[in-house]
Structures are given as structure tokens and as C-alpha cells.
Amino acid sequence: MKLNRFAGISLVALATAPIAACGPKPNPVCDSGVWSPVVNGCVRPCGTRENPTYDDCYDTDAGVFIEAGSDRDARADGAAMDAAMEAGRDVISLPDADAAMEAGPACTAPEVDCGGACVSTESSVAHCGACGRACTTSVANARPVCAMGACDFECAAGFELAGAACEVRVPRAIGPMTSATVTSQRPTLEWALPTGVTMATVDLCRDRAMTMGCATLSATGTTVRPASALAPGVWFWRVRGRANATLGTRTSPVWWFRVGHGDAAVDTFHGVELDVNGDGFGDVAVGAPSASPGGRANAGAVYVYFGGPSGLSATPSQTLEGADASAELGRVVSAAGDVNGDGFGDLLVASSSFSSAAVHVYLGGASGLAAIPTRTLGPTAGEVGFGYSAAAAGDSDGDGYGDFLVGTAAFDDFAVLPPGTVSLFAGGPTGPSSIASQSWTGAAGNDYFGATVAGAGDLNGDRLADIGIGEPDARDGMSRLVGAIHVYLGRRGMPPATTAHRTVFGAYAGSELGNALLLDCDVNGDGWAEVVTSAARGDAPPAVDLPVVLEFRGSAAGVSATARAVGSLSTGTSAVLSSGDWNRDGRGDVLWGSQLHHNNTEREAGAVVLILGGASGFDNTIARRWTGTTAYQHFATAVGSTDMNGDGYLDVVVTESPFTAAQTGRLYWYAGLPVAPSPTATATAARAMLDRFGTALAY
């Protein structure tokens with residue numbers, strides 16, 4: 001058979017055309033077989049004589065038959081090719097096609113001719129650095145690559161390089177956050193999956209070493225719940241990824257959460273406890289802003305006491321010292337939550353709000369707090385009273401890192417100062433940002449906006465922490481100094497809005513609503529946290545018994561606009577609040593303290609009361625009372641709650657920072673009991689009053 005044209009292209013043109021653009025010359029094993037021209041002018045194998053890939057060696061794309069390379073094939077296909085030629089179709093014989101191939105490709109740099117194909121030896125795995133030099137790898141879960149002419153490997157999807165091996169990528173834990181209390185005894189554990197990882201396995205144990213009472217949970221996606229209720233107490237957990245049926249050997253950091261004695265239908269978590277060494281025992285930190293370490297007058301100090309099986313240590317486990325004279329380090333101390341997601345609690349410490357205003361962030365670790373702050377934050381231009389308040393915000397944006405609040409509030413009887421502000425600083429893998437992610441400003445100067453801040457409570461059950469700001473000198477529509485509280489709801493992937501979800505003003509002039517603020521207390525055990533705040537009697541008519549503790553109920557719609565009143569504690573408005581479940585009934589209780597309380601005949605002796613929660617809210621009776629005995633003792637300068645000995649009962653910690661030089665500051669620990677904390681306390685070694693030991697407390 002004869003051929004005059006090849007799909008409309010002459011044999012001369014075909015021999016010089018860039019035939020190899022579609023790949024190298026076919027394997028020589030096919031040379032005795034048949035070949036097929038395709039529509040783009042390239043030549044490709046049709047298959048062997050024994051196993052042709054096209055029926056009768058007909059290329060349906062090009063619409064041509066080709067002549068076989070042997071008499072047997074010619075006899076088999078001759079009739080079909082005759083018919084094709086009579087119909088005006090083009091056919092080509094094998095020798096002509098081979099001749100066209102031998103002309104070789106016309107390659108453009110940096111590509112070179114490798115067996116009839118133009119390839120880049122800088123990136124081709126089959127021709128890396130030179131034609132025919134193929135890259136291979138013996139590394140598991142990896143594939144060979146060619147980079148700049150050198151063979152290497154890259155990890156498969158879902159794996160990453162760890163040393164010289166490809167390991168499964170590690171998921172990042174999201175919640176429950178370290179030291180949070182869960183509302184359900186079958187809490188949802190949540191994590192973020194890295195690219196290429198679709199499954200995860202959770203280890204859940206009773207100890208940080210992950211060896212005691214362990215359970216393993218596996219799930220596709222980003223959440224899992226235990227099959228049955230977890231026993232009350234502290235649980236540690238970590239998560240590892242699974243990719244291509246390979247379970248990772250590396251895990252996320254070990255976190256811990258507390259399972260309460262209630263089992264609410266709302267599955268969320270709230271609250272932050274100070275645990276700087278991550279052992280599950282509560283720690284406390286006490287500020288002494290007038291201490292003079294190393295002879296640096298009023299540089300300030302913070303004393304950290306670790307909890308353990310025997311309870312609170314009698315002497316400080318760590319001491320943080322102010323670096324500069326008059327810095328007054330320790331004027332404010334607060335748990336920060338876990339701001340870098342490593343499973344250890346971190347600490348906020350404020351210096352003086354005037355002479356050297358700053359808030360320092362100390363990161364926790366296996367041995368406790370770092371000696372040097374990881375981050376030091378200062379005021380922006382025009383801010384007066386930076387660091388007047390500071391508190392953990394919890395995880396307000398749902399990224400798995402703790403956030404915190406810093407309040408700027410100041411008052412001057414003889415001048416109008418700028419309105420107070422509150423800034424939210426977001427946590428991250430290397431610690432908190434030095435730039436606020438959100439800020440709020442009061443309506444007027446001298447309103448004490450930001451005098452109190454609180455977070456780590458979930459008021460609407462969306463697994464995001466919400467934020468409260470107190471403004472005890474706010475004015476209402478009648479220009480009365482009544483005080484106010486402002487509530488902002490957390491938002492996933494972004495900071496809370498600048499517009500308050502709820503603003504509530506005090507009822508009477510002088511009521512100072514918001515003087516103390518608490519958001520992490522679930523009073524009725526329904527899973528939604530409540531806002532608890534204090535108010536003074538102010539100018540209330542004698543016939544009206546205005547309470548000093550108010551409860552704003554949380555719900556799926558957020559916090560209520562009206563409060564439920566709870567019993568009062570006679571004299572004194574300098575209030576502090578703390579929450580917990582001391583009688584283990586699954587409902588939040590509250591401690592209310594005032595250092596200005598008059599103990600009948602003793603002025604400002606101070607007192608603390610415990611009010612229990614219930615199905616309908618707080619009980620109106622006082623379950624337990626602790627009272628100072630000496631005038632100006634200032635017992636209850638600060639109060640707190642945590643389980644310091646790991647027995648499952650919450651303990652009470654109280655500081656006193658006396659008014660007179662003849663008295664000394666102290667820290668008291670009241671051990672938890674089945675009904676309530678013990679009526680007697682274990683006191684730490686006393687500190688000189690001139691140090692103002694006990695001014696602030698973190699727990």
C-alpha cells in the first residue's frame with residue numbers, strides 16, 4: 001500500500017515537526033507492532049500485534065488506518081485499510097513513522113532531548129540532573145522529587161518532615177481549654193486538623209504522664225465525645241493525627257480540664273484556674289507591690305505557691321521580683337489562661353498604673369513560671385491607669401489559645417481624666433500578641449470604665465468565652481452615679497464586637513454596679529454561665545433592701561437584662577468575688593468578700609461569705625462566714641477558689657493586707673469539705689505589712 005499524505009501533513013513536514021512534544025519515542029518492544037498518528041501530529045504506539053489498543057489499528061481521533069509491520073498484520077488489516085484509502089482517508093506505514101521519529105525533537109532551553117522527549121533535568125524525577133537518572137526514595141510516606149537537578153524527597157499529604165522521617169501532622173487542640181471546667185460529663189473534645197489529615201485519636205487519662213485510667217477515642221473530623229460519663233475530677237488529654245491508615249506517633253501538648261458533679265444538657269466549658277506547672281493541682285500567686293527586693297525600693301514582688309497532695313505550700317515555690325525601683329510589681333495579679341496552648345497556665349502581673357504602667361505575661365512550664373516575662377505590654381498615648389485591672393478572657397475567638405483583658409481606669413477628684421478603656425490581647429503559638437485585637441472605651445472621663453474586667457464564662461453556650469466590663473461610676477439617663485456592667489459575646493474567628501450585647505445600669509445613685517464582676521459561675525447548673533456582680537446600697541430608700549450580689553442569668557439568647565437579687569453583707573463596698581462548686585451538687589456557688597466590712601465593733605476587719613447555688617439560682621442564705629477580728633485588718637482583701645490538694649473538693653484562699661504597720665499581710669487556705677470549706681485555715685508565713693503583701697491574688 002502507498003501513502004501520499006499523513007493526516008494532511010507531508011512526510012517531509014512530519015519529519016521536521018516537533019513530534020516529541022507529546023512524549024518520548026515509544027518503547028522499542030512495540031517496533032514490530034503498529035503505530036498510530038493522532039490529531040496533533042504526534043506519533044504514539046497503538047500496541048503490539050498480539051494486543052492492539054485500537055480496533056483494527058484504527059485511530060478514531062485522527063480518522064486514519066495504519067499499515068501493519070508484518071505480512072500477517074497486513075493480511076489481517078489489508079481489507080480495512082483498502083476500504084479506508086478508497087474512502088479518501090490517510091494511512092501511514094510503520095517505516096515512514098519511524099523515520100519521522102528519528103529526526104528528534106527541537107527542544108528549547110532549559111529542556112534537553114532525553115530519548116526523543118524534551119524534558120527539564122532540573123525538575124524531572126525520571127531524568128534528574130541527566131537523562132535516564134531516575135530519583136527514588138526509601139523514606140516511608142514520601143515521594144521522590146527533583147530539585148535543581150538533585151534528587152530529594154517530599155512528604156506525602158498529611159505528613160511533615162520530622163528529623164529525617166515523614167511523620168503524621170499533629171492536630172491542634174481547641175477545647176476544652178487547659179484548666180477549664182466542662183458542663184457535661186461527656187464533654188466534646190475539639191481540635192483542628194492539619195492539611196491532609198482526616199482522622200484523629202484522643203488519649204484521655206487521669207495523669208499528665210498519660211498512664212493512669214486511660215481511654216482512647218478515635219473519630220473522623222474534628223470532634224469526639226466519650227461513650228460514657230467521665231468521673232468528676234481532673235482529666236488530661238492529647239490528640240494525634242491519622243493519615244493514610246498511619247497513626248501518628250507525635251501528639252499535641254497535654255491539656256487538662258475539670259469534670260464537675262453536674263451533667264448539663266448544654267455541652268460547653270468555662271473558667272480558668274491557675275496551674276503554672278500543669279500538674280492539675282491549683283496554684284496561687286500573691287502580689288506585694290511595695291516589696292523592695294535587692295534594695296530596690298517599692299520594686300514589688302509576686303510570691304507563687306504551688307498546690308500538691310499536701311495542699312498549699314507554706315513557703316513560696318517561686319518569687320518574681322520587680323526589676324526597677326517604684327515599679328510596684330504585683331499591684332494586680334491574675335491567671336491568664338493558657339495563652340500559648342502548651343498545656344501550662346500563664347500569669348498576668350501588673351506594675352504601678354501610674355509611675356511605670358505595664359502588664360507582664362509570664363509563661364508557665366513543667367517547672368513553673370519563667371523568671372522573665374515573655375511579653376510586657378504598656379499604655380498607648382493618652383492612656384492613664386493602664387493595668388488597673390487584668391483578667392483571663394478565656395478563648396473568645398475559638399482558636400484554642402487563651403486571650404486576656406487589660407483595663408485602663410483612673411479617677412481624679414480635681415481633674416477630668418480620659419475615659420477608661422479595656423483592651424483584649426489574643427493568644428497564639430508563641431504567646432500573646434503585643435497589639436490588642438479589640439478595645440472598648442467608656443462614655444466619659446472619671447467613670448472608671450474597666451475598673452473591673454472578667455472573662456472565661458460562656459453565657460450563651462456556643463463554646464466561646466464571653467467578656468464583662470465593670471464601670472462603677474457610670475451615669476444613667478438622670479446623670480446619677482449608678483455604675484454599669486457591659487457584656488460582649490465571643491465570636492468564632494474574630495474578636496468580640498465593639499457594641500455590647502448587654503449593658504445594665506445600677507438602680508440607685510451610689511450603687512456602684514460593676515465594682516466586682518464574675519462570669520464563670522453556672523449558678524443553676526443548666527450549662528449556661530451567669531454574670532454575677534456586686535452593688536452597694538447607695539441612696540436606696542431605707543425600706544428597700546438593695547442586695548450587694550446580683551445574678552444575671554445566662555441562656556441560649558445571652559445574658560438576661562434583669563437581675564435576681566441575692567442577700568447582702570452589711571457594710572462595705574470594696575468587694576471581691578470568686579466561684580466554684582463547694583458542696584458538689586453540680587451548681588455554682590459564690591464567695592463574696594469585703595475588706596471594709598465592720599465586724600460589729602471592729603472597723604474594716606473584713607469578712608467573706610459563701611452563698612450556694614441551686615436549681616432556681618443562688619440561695620438567699622449564707623452557708624458559711626469567715627470574719628476578721630482586728631480593726632483595719634483588711635481580711636478578704638482578695639478571695640479565690642481552687643482545688644490545691646487534688647481531693648476533689650474546692651478550697652478557699654483569702655488574703656489580708658492590713659492598713660496599719662503593726663499588722664502583717666497573710667494568705668489563708670481553707671480546705672474543702674463534703675459540705676463546705678473548713679472553718680479554720682492554714683496560714684502561710686506572714687509578710688511585712690509594708691510590702692503590702694496580699695494586695696492581689698491569682699488562683
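The values are calculated or read from the model by the stated rules, or taken from the named source; none is laboratory data. Keep in mind the model is a prediction, meaning the values are calculated, not measured. Quick reminder, even Gly has a Cβ in these numbers, built from the backbone with ideal geometry, and neighbours come from all protein chains shown. Surface areas here come from the heavy atoms of the whole protein model, side chains and all, with no ligands, DNA or RNA. Shrake-Rupley method; radii C 1.70, N 1.55, O 1.52, S 1.80 Å.
Quick one: count up the residues across the stretch 322-370 that are assigned to a loop (DSSP other than H, G, I, E, B) and more than 18 Å from SER396 (Cα to Cα).
26
Out of (1) of a type in the set (Asp, Glu); (2) open to solvent by 30 Å² or more (accessible area, probe 1.4 Å); (3) farther than 24 Å from THR695 by Cβ, the odd one out for GLU604 is which?
All conditions pass for GLU604, except number (3).
Yes/no matrix, rows are residues, columns are (1) modelled with pLDDT of 95 or more; (2) open to solvent by less than 30 Å² (accessible area, probe 1.4 Å):
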site	(1), (2)
ALA100	no, yes
ALA117	no, yes
THR137	yes, no
PHE159	yes, yes
VAL168	yes, yes
ARG172	yes, no
MET177	yes, yes
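So PRO373 clears everything in (1) assigned to a loop (DSSP other than H, G, I, E, B); (2) touching a Ser or Thr at 6+ places or on another chain (Cβ under 8 Å); (3) within 15 Å of GLY287 (Cβ to Cβ) except one condition, right? Which one?
(2)
Here is a list: ALA301, ALA285, ALA314. Which entry is hydrophobic (A, V, I, L, M, F, W, C), in contact (Cβ under 8 Å) with a residue 60 or more places away in the chain and open to solvent by 20 Å² or more (accessible area, probe 1.4 Å)?
ALA314
Could you go through the stretch 410-425 and let me know if any residue there is buried (at least 24 other Cβ atoms within 10 Å of the Cβ) and assigned to a loop (DSSP other than H, G, I, E, B).
The answer is no; no qualifying residue exists.
Listed residues GLY294, GLY271, GLY280; which is at pLDDT 95 or above and not aliphatic (A, V, I, L, M)?
None of the others qualify; the one that does is GLY280.
Please find, among LEU612, LEU591, LEU650, LEU569, the residue that is of a type in the set (A, V, I, L, M) and modelled with pLDDT under 85.
Of the residues listed, the single one that is of a type in the set (A, V, I, L, M) and modelled with pLDDT under 85 is LEU569.
(1) over 23 Å from the mean Cα position of the chain (by Cα); (2) over 18 Å from ASP522 (Cβ atoms): which one isn't true of GLY262, the others all being true?
Condition not satisfied by GLY262: (2).
I want to confirm something. Restricting to the stretch 477-503 and keeping residues that are at pLDDT below 95 and crowded, with 17+ Cβ neighbours inside 10 Å, which single residue is nearest to GLY588 (Cα to Cα)?
Residues of the stretch 477-503 at pLDDT below 95: 477-483.
Those still in the list that are crowded, with 17+ Cβ neighbours inside 10 Å too: 480-483.
Numbers: ARG480: 33, LEU481: 31, VAL482: 28, GLY483: 25 Å.
Here the residue is GLY483.
With the condition kept exactly as written, say whether any residue in the stretch 608-626 is more than 30 Å from TRP528 (Cβ to Cβ), buried (at least 24 other Cβ atoms within 10 Å of the Cβ) and in contact (Cβ under 8 Å) with a residue 24 or more places away in the chain.
no
Residues being assigned to a loop (DSSP other than H, G, I, E, B), β-branched (Val, Ile, Thr) and either open to solvent by less than 40 Å² (accessible area, probe 1.4 Å) or free of Cβ contacts under 8 Å to residues at least 12 places away in the same chain (or both): count how many of those fall in the stretch 202-252.
Count: 1.
Among the residues of the stretch 260-280, what is the count of those that are open to solvent by 30 Å² or more (accessible area, probe 1.4 Å) and among the hydrophobic types (A, V, I, L, M, F, W, C)?
Qualifying residue count, the stretch 260-280: 2.
Could you look through the stretch 442-476, keep only residues that are open to solvent by less than 20 Å² (accessible area, probe 1.4 Å) and without any contact (Cβ under 8 Å) to a residue 40 or more places away in the chain, and pick out the one that is farthest from the chain's Cα centre (by Cα)?
ASP447
Pairs please, first residue from the stretch 493-514 and part of a loop (DSSP other than H, G, I, E, B), second anywhere and aromatic (Phe, Trp, Tyr) and modelled with pLDDT of 90 or more, Cβ atoms under 7 Å, 6+ apart in sequence or on different chains.
PRO496/TYR488; ALA497/TYR488; THR498/TRP440; ALA500/TYR488; HIS501/TYR488
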